[in-house]
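Values in this text are rule-based calculations from the coordinates and carry no lab data. Nothing here was measured: the structure is a model prediction, and the numbers come from that model. For neighbour counting, all protein chains shown are included, and Cβ atoms are generated from backbone atoms with ideal geometry for every residue, glycine included.
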Amino acid sequence: MYVAHLSLHDFRSYATAEVELSPGATAFIGRNGQGKTNLVEAIDYLSRLSSHRVASDAPLVRAGADQAVVRAAVVRDGRTAVLEIEVNPGRSNRARVNRSPLPRARDLVGLVRTVVFSPEDLTLVKGDPSDRRRFLDDLLVLRAPRLAGVRADYERILRQRNSLLKTARQAGRRSAPPETLAVWDEHLARVGAELLAERLDLVEALRPYVGKAYETVARGATRDDADIDYKPSFDVEGRTGRGDLADAMLAEVERRRSDELDRGVSLVGPHRDELLLSLGHGPGEGRLPVKGYASHGESWSFALALRLASYDLLRADGDDPILILDDVFAELDTERRAQLADLVAGAEQVLVTAAVAADVPAALAGTRFTVGNGEVVRVDGD
Ligand SMILES: Nc1ncnc2c1ncn2[C@@H]1O[C@H](COP(=O)(O)OP(=O)(O)OP(=O)(O)O)[C@@H](O)[C@H]1O
Ligand SMILES: [Mg+2]
């Protein structure tokens, strides 16, 4: 798939922008702070309804405006659809496809699929477990958009259950837990088990691609060096089906009941799980967690490998996602720049941003735009 046209209204620094795009490689070049990332962020937002840079929607709306609109003509298998999202911070966002409103904004998710590489990816490796859970869930939803509902349900159930636990804690140690808690235990276990099962499957599917991707981006590495592993918040050994996982989770919730009442939060479930990243250093050397041990270069290579693996996995599903390489070449030496460029050059559409044109490898030269003073201008025939 590829984006053929992008329109922005009051999105980030842009009052309006209209950009005609083609398949293949496109580079946006401009000085720092000129709005390059803002452009590609708009496409990523359309894909996932969240940004790789901020957790809330408010910064996406141009200062002084009260809503932003991102519209894109997306071509998939020769057919064009116009996708649109109206970002209304503090109120619900509204989505349209070919001008017809969708019942819920999240129904838009997955209609355009993106994989973004950016300097922020370092948080995948160095950040909190929640950063890695978000990585997994975003990928889950891109592969199976119906899981956006499961994810939202789980978050809602967790919030309700946490507020019940908090109230119970405030009521005092001696008071019996409210009867409604049992109902929320069931909901949490049922939906939690579904999310857990999906993540376990995803990690198994992603694993082989991670080793391969790391070998490509890290100099001198082999495909056995990098590995990922899913670590649930409770023992799931031998449990596979959703019902089975839900039973195990419910049993664990009951076992941890008094801890939960003491602390006033839910301690069991996929919101406490971790995606472990580890690196080996040659045969017989054993494996070490990346976080806390890996060098800066290794961490950055691992983050790139996770993105590259996601891209390969989505591609293996049969649909080429749009690749966005936001400011990543400045971080890589010439050899690895060329390696990464060769790997992604075959993608149906690759959007690259860089402050300096010379940082963009030849394989990704393609169409070029300059970004500056709020304008996005195509540079012809160089
Ligand atoms: N909501 C907003 N309203 C107005 N301006 C904004 C808003 N959000 C961001 N900006 C402005 O957009 C600019 C940043 O744009 P962007 O991040 O796209 O830059 P860039 O070209 O990618 O720069 P770099 O090369 O440093 O990555 C900043 O000047 C910032 O102040
Ligand atoms: Mg940028």
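Points to keep in mind about this one:
- Cα centre as origin, Lys/Arg/Asp/Glu Cβ charges: the chain dipole, Debye: 1160 debye
- Taking GluC sites (Glu not before Pro) as exposed when DSSP calls them loop and at most 12 other C-beta atoms lie within 10 angstrom, the chain has its longest site-free stretch at 1-178.
- Each Lys or Arg adds one and each Asp or Glu subtracts one; over the other residues with Cβ under 9 Å from the Cβ of residue 102, this totals +3.
- For the stretch 80-95, 3J(HN,Hα) computed residue by residue from phi via the Karplus equation (6.51, -1.76, 1.60; θ = phi - 60°) reads 9, 10, 9, 9, 9, 10, 9, 9, 10, x, x, 10, 7, 6, 10, 10 Hz, glycine and proline entered as x.
- Amide H contacts of residue 319: none lie under 5 Å away among residues 5 or more positions distant or on a separate chain (H built 1.01 Å from N in the peptide plane; Pro and chain starts excluded).
- Distance between the stretch 303-324 and the stretch 325-382 - C-alpha centres, whole angstrom: 18 Å
- When the stretch 121-317 is described by a simple charge dipole with +1 on each Lys and Arg Cβ and -1 on each Asp and Glu Cβ, the residue from 241, 163, 281 located farthest towards its positive end is 163.
- Spatial separation of Cα centroids for the stretch 211-260 and the stretch 108-180, in angstrom: 16 Å
- In order through the stretch 251-262: 3J(HN,Hα) via Karplus (6.51 cos²θ - 1.76 cosθ + 1.60), integer Hz, x for Gly, Pro: 4, 5, 4, 5, 5, 9, 3, 6, 4, 5, 5, 5
- Charge dipole magnitude, Cβ of K and R +1, D and E -1 - the stretch 1-108, Cα centre, debye nearest 20: 160 debye
- The 3J(HN,Hα) values that the Karplus relation (6.51, -1.76, 1.60; θ = phi - 60°) gives for the stretch 303-319 are, in residue order, 4, 4, 4, 5, 5, 4, 5, 4, 4, 4, 5, 4, 5, 5, 5, x, 9 Hz. Gly and Pro appear as x.
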